[in-house]
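Report on the following structure.
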Amino acid sequence: MKNKLILVMMLALSVFTFSACSDDDDDDAMKMQNQIFVNEAASGNMLEIQAGAMAEQKGVSQQVKDYGHHMVTDHTTASTQLTTLANNEGFTVPTQLLEKHQTKLML
């Protein structure tokens with residue numbers, strides 16, 4: 001009898017523990033936060049790619065041009081990885097800069 005009581009208590013505790021664990025990815029608020037992150041990261045990468053291209057084209061010293069090339073290469077890779085991951089998770093990846101990033105290119 002004592003063993004049955006212990007077994008029932010362990011089973012009840014297990015059920016309670018598993019029910020407390022939920023998949024937060026299904027939560028609308030979490031999905032919205034993830035989408036905002038994707039938007040910010042994608043736009044930030046686009047900004048760095050465009051700024052790097054400007055440095056490559058308009059840089060006076062070779063160091064500036066090389067750094068611009070480095071920015072383009074690294075952020076293009078990051079952008080590709082972000083797009084793959086975001087698409088696999090069902091998020092939309094923007095193709096245009098956010099306004100706040102666009103204004104930084106105009107300075």
Residues that are of a type in the set (Asp, Glu) and either in contact with an Asp or Glu (Cβ under 8 Å, 6 or more places away or on another chain) or within 30 Å of MET32 (Cα to Cα) (or both), drawn from segment 51-107:
ASP74, GLU89, GLU99
Which residue out of VAL72, VAL60 is at pLDDT 95 or above, closer than 30 Å to LEU97 by Cα and part of a loop (DSSP other than H, G, I, E, B)?
VAL60
Among the residues that make up segment 42-54, is at least one of them of a type in the set (Gly, Ala, Ser), in a helix (DSSP H, G or I), out of contact with any Ser or Thr (no Cβ under 6 Å at 6 or more places or on another chain) and over 23 Å from PRO94 (Cα atoms)?
no
Kindly indicate the residue of segment 51-66 that is of a type outside the set (A, V, I, L, M) and touching a helix residue (DSSP H, G or I) at 6+ places or on another chain (Cβ under 6 Å) and also surrounded by the most Cβ atoms within 10 Å (Cβ to Cβ) among those meeting that condition.
GLY52
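The values are calculated or read from the model by the stated rules, or taken from the named source; none is laboratory data. Since this is a predicted model, take the numbers as computed values, not measurements. Counting neighbours? That spans all protein chains shown, and the Cβs are built from the backbone with ideal geometry, glycine included.
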